[in-house]
Amino acid sequence: MRRNHLDLIRALALSTMLAVPWAPALAKETPAPQPQVTVSSLSGAYLAARIAESDNDLGNAIAFYRRALAFDPTDTALKQSLLVALIADGQFDKALPYADQLKTVPEVERFSRVALAIDSFRKQDYPKAEYWLKLVTNSDLDRLITGLMAGWAKLGAGDAAGALKQVSDLKGPPWFDVFTGFHKALIAERSGNAQAATEAYDALMANTTAAGSAPETYLRAAHSYASFLAGKGEKDKALAVLASADELFGGRIQVSALRQAIEAGKKTEPLVSTPADGASEVLLDLGSALNRGGGETFVRLYLRMALALRPDSDAALMQLASVSEQMRNPEEAIDLYKRIPAASPVHKVAQLQLGLNLADLGEEEEAIVRLKGALSDDPDDMRAYLALGGVYQSQKDFRAAADTYDKAIARLAKPARDDWNIFYQRGIAYERLKEWDKAEPNFLEALKLYPDQPQVMNYLGYSWVDMNTKLEEGLGLIKKAVDLRPSDGYIVDSLGWAYYRLGRYDDAVREMERAVALMPGDPVLNDHLGDVYWHVGRKLEARFQWAHARDLHPDPDVLASVQKKLAEGMPAETTLMASLAGDKDAKVASDAGSGNEPAAADEPAAAEPAQKVAAQDATAPQPQPAPDADYKVDRGQSLWTIARDRLGAGTRYREILELNPTLGKNPDLIFPGQSLRLPPAN
């Protein structure tokens with residue numbers, strides 16, 4: 001299945017979270033947009049605001065909430081919604097009057113009082129900041145955020161010992177440890193207590209399970225510790241800390257940039273310089289930890305508040321831009337990427353992501369110019385080749401894409417695991433050019449570099465089935481990909497489509513229905529479901545699915561096919577089943593009935609409207625604790641291979657997910673050195 005430009009190389013900005021300070025680069029304030037429709041009642045304005053908010057149109061949502069308040073200036077619920085919408089839209093100063101009006105309303109104090117505390121940090125009124133951080137209602141998440149920020153307020157007021165005690169006394173679930181340990185180290189460092197800082201950093205670095213519950217925070221701690229050590233002249237130990245970070249999370253841009261600076265003997269700057277920086281770091285760390293899908297509304301609020309304290313934070317800007325992409329708002333993402341200065345280590349990645357967002361808006365030519373410029377600056381940047389090739393693929397210029405990937409691979413002296421995607425994308429380009437003799441070796445090379453990579457297994461397996469060759473191997477690859485990514489509607493669709501191509505329509509219906517349940521707004525998946533309904537005699541439902549696909553604004557070629565089927569139906573089709581030998585048929589059928597197909601995964605929660613967010617408390621997303629250690633992940637392993645080798649069946653990876661809540665039900669979140677709990681082998 002094809003995805004949009006951003007999905008092709010979403011990993012470009014992979015946790016680009018280790019910041020380097022510079023002079024502030026403030027975004028220009030733009031006039032608030034005016035409502036596009038006229039409303040003449042409170043209920044009409046409120047309804048229009050909620051609709052705009054659900055469409056992620058914060059500008060019009062704010063305008064309509066203001067209009068609603070003009071009808072009833074005393075409505076507390078409207079003020080709550082407006083407060084949250086203003087913060088989410090980056091209009092922090094305009095939110096402050098509403099925060100002051102709502103400072104005693106428990107349902108929204110997690111934002112109103114924290115916003116007032118942020119304003120006090122900016123004014124260096126630290127006792128007032130600490131006062132605002134006392135909430136009536138405290139979930140674990142709120143208690144951690146306000147407790148850590150209160151520690152920074154005490155430090156700002158000159159009470160270093162009280163600040164350390166404030167943070168050290170914060171008790172809660174196991175996932176607290178990575179945050180309290182990091183901020184204890186930062187506060188000790190800023191107060192000049194080198195021994196306490198070293199002890200706190202060492203304890204955190206030794207706790208590798210913390211990396212699973214909050215990997216970005218762990219990486220920022222490693223970055224901060226290395227800078228601290230380098231500043232004391234302990235160059236070898238600083239480089240060893242970065243080497244450990246690389247072992248866990250290889251390829252991070254900020255780690256490489258800091259290593260180069262330390263090796264060159266350059267002066268390194270602390271990650272946090274002021275109490276306001278520290279308070280911003282709290283909001284950044286917790287926002288990043290929550291950014292695992294389904295919590296984008298909360299994440300955006302915390303990151304916007306982090307930026308209100310530190311507008312120059314490249315880490316917060318990158319993380320927030322990623323959230324904008326997840327919420328399908330490329331215009332906002334572009335604005336955020338533009339705020340990242342050339343001095344930042346993540347500037348290159350920001351420019352690549354900016355180009356992809358331009359392509360997502362249909363401005364492919366400008367995107368190509370930008371991406372070619374990036375390659376001119378650094379001809380060895382594999383991310384730039386992926387980005388440029390992705391834009392060519394979106395234009396269906398597969399020859400240009402293949403040529404781009406050819407140039408990239410020519411510059412690889414010795415391909416490594418991280419280079420699998422270059423070969424995968426080149427395989428796709430050649431497959432679309434109908435040059436299978438060139439495509440297949442690239443898919444196989446990608447799997448050699450990264451065994452059990454779900455996207456590669458899905459594409460190669462489906463291609464084999466579609467070409468009526470290597471049928472058993474192809475179906476097996478797709479099944480394994482589904483087991484690894486049970487909530488990926490595109491991969492589940494591939495399994496259903498493979499069954500369809502094999503003439504196994506009942507199996508196809510089951511998987512296609514699952515795929516559409518996972519991604520109900522995708523026109524191609526709905527089109528496929530209509531096809532399989534037709535072939536099992538459910539022709540009324542087939543026409544309904546085709547009509548639904550038509551109304552979801554598909555690509556022109558899909559639209560033409562759907563309209564033809566709506567007018568004429570589908571002809572009888574010879575299936576591929578007859579080409580299967582009897583023993584192969586029995587084997588595939590046995591596999592399908594073995595009970596190994598994964599249960600449908602839960603669909604991620606939709607983003608909540610601002611008013612509902614403001615009212616939530618303990619229901620907010622929470623970071624998860626790391627499990628007790630049973631097994632340590634080796635380099636190159638996946639949950640599937642661990643389950644296969646240790647438990648006897650790859651499909652048992654789901655049991656490992658259940659036992660390790662730190663993974664957030666995402667099998668891709670494992671890393672070398674991570675400790676996992678495993679179920680019994682029998």
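Take the range 240-251 and flag every residue that is in a helix (DSSP H, G or I), farther than 30 Å from residue 163 by Cβ and not charged (D, E, K, R).
Residues of the range 240-251 that are in a helix (DSSP H, G or I), as a first pass: 240-248.
Retained after the next criterion (residues that are farther than 30 Å from residue 163 by Cβ): 243, 246-247.
Passing the criteria: only 243.
So which residues in the range 191-206 are assigned to a helix (DSSP H, G or I) and either surrounded by fewer than 17 Cβ atoms within 10 Å (Cβ to Cβ) or of a type outside the set (Gly, Ala, Ser) (or both), if there are any at all?
First, pick out the residues of the range 191-206 that are assigned to a helix (DSSP H, G or I): 194-206.
Correct list: 194, 195, 198, 199, 201, 202, 203, 204, 205, 206.
Among the residues of the range 313-346, how many are part of a helix (DSSP H, G or I) and either assigned by TED's automatic domain parsing to the domain that holds residue 258 or within 19 Å of the chain's Cα centre (by Cα) (or both)? Outline the logic, then answer.
Keep residues of the range 313-346 that are part of a helix (DSSP H, G or I), which gives 314-326, 330-338.
Keeping just the survivors that are either assigned by TED's automatic domain parsing to the domain that holds residue 258 or within 19 Å of the chain's Cα centre (by Cα) (or both) gives 314-326, 330-337.
Summing the residues that are part of a helix (DSSP H, G or I) and either assigned by TED's automatic domain parsing to the domain that holds residue 258 or within 19 Å of the chain's Cα centre (by Cα) (or both) in the range 313-346 gives 21.
Out of all the residues in the range 262-275, which are crowded, with 18+ Cβ neighbours inside 10 Å and farther than 25 Å from residue 167 by Cβ?
Once the filter is applied, which keeps residues that are crowded, with 18+ Cβ neighbours inside 10 Å and farther than 25 Å from residue 167 by Cβ, the range 262-275 yields only 262.
Would you call residue 460 at pLDDT 95 or above and under 15 Å from residue 641 (Cβ atoms)?
no
Residue-wise test of (1) touching an Asp or Glu at 6+ places or on another chain (Cβ under 9 Å); (2) surrounded by fewer than 24 Cβ atoms within 10 Å (Cβ to Cβ); (3) farther than 30 Å from residue 395 by Cβ.
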{"residue": "303", "(1), (2), (3)": "no, no, yes"}
{"residue": "312", "(1), (2), (3)": "no, yes, yes"}
{"residue": "317", "(1), (2), (3)": "no, no, no"}
{"residue": "350", "(1), (2), (3)": "yes, no, no"}
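Considering only residues of the range 389-411 that are surrounded by fewer than 21 Cβ atoms within 10 Å (Cβ to Cβ) and touching a residue at least 24 places away in the same chain (Cβ under 8 Å), which is farthest from residue 434 (Cα to Cα)? Can you show your working first?
Narrowing the range 389-411 to residues surrounded by fewer than 21 Cβ atoms within 10 Å (Cβ to Cβ): 394-400, 403, 406-407, 409-411.
With the extra rule that they be touching a residue at least 24 places away in the same chain (Cβ under 8 Å), the set shrinks to 394-396, 398-399, 411.
Details: 394: 17, 395: 17, 396: 13, 398: 10, 399: 11, 411: 25 Å.
Among those residues, the one meeting the criterion is 411.
Say whether the condition of being charged (D, E, K, R) and within 30 Å of residue 663 (Cα to Cα) is met by at least one residue in the range 492-505.
Looking through the range 492-505, at least one residue is charged (D, E, K, R) and within 30 Å of residue 663 (Cα to Cα).
Among the candidates 108, 136, which residue alone is over 30 Å from residue 330 (Cα atoms), in contact with a helix residue (DSSP H, G or I) (Cβ under 6 Å, 6 or more places away or on another chain) and of a type in the set (Val, Ile, Thr)?
None of the other options fit; the residue is 136.
Return the pair list, or none, for Cβ contacts closer than 9 Å from residues in the range 95-117 that are in contact (Cβ under 8 Å) with a residue 12 or more places away in the chain and of a type in the set (Asp, Glu) to residues that are outside any helix (DSSP H, G or I) and buried (at least 21 other Cβ atoms within 10 Å of the Cβ), at least 6 apart or on different chains.
109/102
Looking only at the range 164-180, count every residue that is in contact (Cβ under 8 Å) with a residue 24 or more places away in the chain and either hydroxyl-bearing (Ser, Thr, Tyr) or touching a Phe, Trp or Tyr at 6+ places or on another chain (Cβ under 7 Å) (or both) and tell me the total. If you could, list the steps in order and put the result at the bottom.
Within the range 164-180, the first condition is being in contact (Cβ under 8 Å) with a residue 24 or more places away in the chain, and the residues that meet it are 164, 170, 172-180.
Narrowing further to those that are either hydroxyl-bearing (Ser, Thr, Tyr) or touching a Phe, Trp or Tyr at 6+ places or on another chain (Cβ under 7 Å) (or both): 170, 178, 180.
Residues meeting the conditions: 3.
Within 28 Å of residue 321 (Cα to Cα), in contact (Cβ under 8 Å) with a residue 40 or more places away in the chain and not aliphatic (A, V, I, L, M), is that true of residue 348?
Details: within 28 Å of residue 321 (Cα to Cα): yes; in contact (Cβ under 8 Å) with a residue 40 or more places away in the chain: yes; not aliphatic (A, V, I, L, M): yes.
Considered against the rule, which asks whether it is within 28 Å of residue 321 (Cα to Cα), in contact (Cβ under 8 Å) with a residue 40 or more places away in the chain and not aliphatic (A, V, I, L, M), residue 348 comes out as yes.
Does residue 221 fit the bill of being over 18 Å from residue 284 (Cα atoms) and surrounded by 24 or more Cβ atoms within 10 Å (Cβ to Cβ)?
Numbers: over 18 Å from residue 284 (Cα atoms): no; surrounded by 24 or more Cβ atoms within 10 Å (Cβ to Cβ): yes.
Taking the combined requirement at face value, the residue does not satisfy it.
So which residues in the range 417-448 are closer than 18 Å to residue 473 by Cβ and among the aromatic types (Phe, Trp, Tyr), if there are any at all?
The answer is 424, 436, 443.
I'd like to know if the range 245-255 contains one or more residues that are modelled with pLDDT of 90 or more and either over 24 Å from residue 119 (Cβ atoms) or buried (at least 24 other Cβ atoms within 10 Å of the Cβ) (or both).
In the first step, residues of the range 245-255 are kept if they are modelled with pLDDT of 90 or more; the result is none.
No, the range 245-255 has no match at all.
Hey, among 386, 444, which residue is surrounded by fewer than 16 Cβ atoms within 10 Å (Cβ to Cβ) and either at pLDDT 95 or above or under 25 Å from the mean Cα position of the chain (by Cα) (or both)?
On the way: 386 fails: surrounded by fewer than 16 Cβ atoms within 10 Å (Cβ to Cβ).
Checking each option against the conditions leaves just 444.
Any residue at all in the range 526-548 that is in contact (Cβ under 8 Å) with a residue 12 or more places away in the chain, surrounded by fewer than 19 Cβ atoms within 10 Å (Cβ to Cβ) and within 21 Å of residue 394 (Cα to Cα)?
No, the range 526-548 contains no residue that is in contact (Cβ under 8 Å) with a residue 12 or more places away in the chain, surrounded by fewer than 19 Cβ atoms within 10 Å (Cβ to Cβ) and within 21 Å of residue 394 (Cα to Cα).
Which residues, taken from the range 271-303, are at pLDDT 90 or above and among the polar types (S, T, N, Q)?
Selection gives 273, 274, 280, 288.
Per-residue answers, yes or no, for (1) closer than 20 Å to residue 303 by Cα; (2) modelled with pLDDT under 85:
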{"site": "13", "(1), (2)": "yes, yes"}
{"site": "46", "(1), (2)": "no, no"}
{"site": "59", "(1), (2)": "yes, no"}
{"site": "75", "(1), (2)": "no, no"}
{"site": "89", "(1), (2)": "yes, no"}
{"site": "92", "(1), (2)": "yes, no"}
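For residue 362, only one of the following conditions fails: (1) over 14 Å from the mean Cα position of the chain (by Cα); (2) crowded, with 24+ Cβ neighbours inside 10 Å. What is its number?
Residue 362 satisfies all of (1) over 14 Å from the mean Cα position of the chain (by Cα); (2) crowded, with 24+ Cβ neighbours inside 10 Å except (2).
Quick check on the range 328-335. Is at least one of its residues closer than 22 Å to residue 278 by Cβ, in contact with a Ser or Thr (Cβ under 8 Å, 6 or more places away or on another chain) and touching a residue at least 24 places away in the same chain (Cβ under 8 Å)?
Keep residues of the range 328-335 that are closer than 22 Å to residue 278 by Cβ, which gives none.
For the range 328-335, residues closer than 22 Å to residue 278 by Cβ, in contact with a Ser or Thr (Cβ under 8 Å, 6 or more places away or on another chain) and touching a residue at least 24 places away in the same chain (Cβ under 8 Å): absent.
Checking the condition under 25 Å from the mean Cα position of the chain (by Cα) and part of a helix (DSSP H, G or I), which residue from 490, 462, 500 passes?
Details: 462 fails: under 25 Å from the mean Cα position of the chain (by Cα); 500 fails: under 25 Å from the mean Cα position of the chain (by Cα).
After ruling out the rest, the residue left standing is 490.
The values are calculated or read from the model by the stated rules, or taken from the named source; none is laboratory data. The structure displayed is predicted, hence computed values, not measured ones. All Cβ positions, even for glycine, are placed from backbone atoms using ideal geometry, and neighbour counts span all protein chains on display.
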